[in-house]
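Chemist: Once you've had a glance at the structure underneath, I'll fire off some questions.
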Amino acid sequence: MAIGQTDLFSVQFEQQKEINSKKIELGELKNSLLSYFSCQDVSAFFEKLKIAYENNDKEFYHRLSQVVGNLQEDWLQKIYQYYSADRRELKQDYTPKTLAQLTSRLAIREDGLKVLDCCCGSGALTIQAFQIFGRSQFELLEIDSNVLPVLNANLEMRGIRHQIKHYDVINDCNIEGDIEDSAFVCDYCISNPPFNLKWKHPLFASSLPRFSLCVPPEQNANYTFVLTAMAHTSKVGAFILPKGVT
């Protein structure tokens, strides 16, 4: 066997070993969470997380951080993605740490006091941005109410200054019952929006300020997410998008 082939095999072996190790760690953490919070399954744990979110239970987040331990790793994201993410309808998927870091470095500058995370999910991009630009305050938009308790827990455990908006980015509006308005602007934007969602043009779409450059096509909402996010951004934005979106 050639030397290059041997090296390739070694790399693949080490990568698989790391993946297996992460799966074991994830399983151990899940079991620890269920045991510590007296839950029979993951659904019961997420229900307790939801109650903590509704009550702004700081003590719960403190206890949770003690169980999670290593906050350099986004273990809650991994648990949510593995057990609860909606990949079919909402196109929720895992954001690799390296891409989250790259997005932050492309968009944010040291003077970025306010950063928008559009379609933020469980907060993967914000967590990495915070580790690089810790002074920033984050505005987070997310439509899925199921992931909001996970998102808030991730931010509270790390002491990240934030405001969460339960928000429909495609239609650029708060979800019914949310008292926040849509007239807000941040310095920078980071985003990994869902890929290739279908949408319908709103009435008088061409007259909307966010579509002043163009009205995005209806076959997917990729450009809709970009244009809407940038309408709330005064400086620079960086997005993770499907291949072919330029």
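Chemist: Inside segment 226-246, can you point out the residues that are in contact (Cβ under 8 Å) with a residue 12 or more places away in the chain, open to solvent by 40 Å² or more (accessible area, probe 1.4 Å) and under 24 Å from Pro96 (Cβ atoms)?
Modeler: Answer for segment 226-246, where residues must be in contact (Cβ under 8 Å) with a residue 12 or more places away in the chain, open to solvent by 40 Å² or more (accessible area, probe 1.4 Å) and under 24 Å from Pro96 (Cβ atoms): Met230, Val236, Phe239, Leu241.
Chemist: OK, next. Consider only pairs whose beta carbons are under 7 Å apart and that are at least six residues apart or on different chains; among these, list those whose first residue lies in segment 184-213 and is part of a loop (DSSP other than H, G, I, E, B) and of a type in the set (A, V, I, L, M, F, W, C) and whose second residue is open to solvent by 80 Å² or more (accessible area, probe 1.4 Å) and modelled with pLDDT under 95.
Modeler: Every condition considered, the pairs that remain are Phe195/Lys91; Leu197/Lys91.
Chemist: Also, quick follow-up: Any idea which residue in segment 127-148 is nearest to Gln81 (Cα to Cα), counting only those that are part of a helix (DSSP H, G or I) and in contact with an Asp or Glu (Cβ under 8 Å, 6 or more places away or on another chain)?
Modeler: The qualifying residue nearest to Gln81 (Cα to Cα) is Leu148.
Chemist: In this structure, does Ser65 turn out to be open to solvent by 10 Å² or more (accessible area, probe 1.4 Å), in contact (Cβ under 8 Å) with a residue 24 or more places away in the chain and over 13 Å from the mean Cα position of the chain (by Cα)?
Modeler: Yes, satisfied.
Chemist: So, one more: Given the conditions (1) at pLDDT below 95; (2) open to solvent by less than 10 Å² (accessible area, probe 1.4 Å), which single one is not true for Ile127?
Modeler: If we test Ile127 against (1) at pLDDT below 95; (2) open to solvent by less than 10 Å² (accessible area, probe 1.4 Å), just (1) comes out false.
Chemist: Pairs only if they're at least six apart or on different chains, beta carbon under 6 angstrom, first in segment 148-163 and closer than 15 Å to Gly134 by Cα, second open to solvent by 10 Å² or more (accessible area, probe 1.4 Å) and aromatic (Phe, Trp, Tyr); list them, first residue then second.
Modeler: So the pair list comes out as Ile160/Phe130.
Chemist: Sticking with this one: So for segment 52-66 (the condition being among the acidic types (Asp, Glu), modelled with pLDDT under 90 and not in a helix (DSSP H, G or I)), does at least one residue qualify?
Modeler: No, segment 52-66 contains no residue that is among the acidic types (Asp, Glu), modelled with pLDDT under 90 and not in a helix (DSSP H, G or I).
Chemist: Moving to a separate point now. Going residue by residue through segment 226-234, is there one that turns out to be over 30 Å from Arg63 (Cα atoms) and assigned to a strand (DSSP E or B)?
Modeler: Yes, segment 226-234 contains a residue that is over 30 Å from Arg63 (Cα atoms) and assigned to a strand (DSSP E or B).
Chemist: Name every residue in segment 214-225 that is open to solvent by 30 Å² or more (accessible area, probe 1.4 Å) and either part of a loop (DSSP other than H, G, I, E, B) or in contact (Cβ under 8 Å) with a residue 24 or more places away in the chain (or both), in order of residue number.
Modeler: Result: Cys214, Val215, Pro217, Glu218, Gln219, Asn220.
The values are calculated or read from the model by the stated rules, or taken from the named source; none is laboratory data. Everything quoted here is computed from the prediction, not taken from an experiment. Methodologically, a virtual Cβ is constructed for each residue, glycine included, from the backbone with ideal geometry; neighbour enumeration extends over all protein chains shown. Surface accessibility is based on the protein's heavy atoms, side chains included, excluding ligands, DNA and RNA. Shrake-Rupley method; radii C 1.70, N 1.55, O 1.52, S 1.80 Å.
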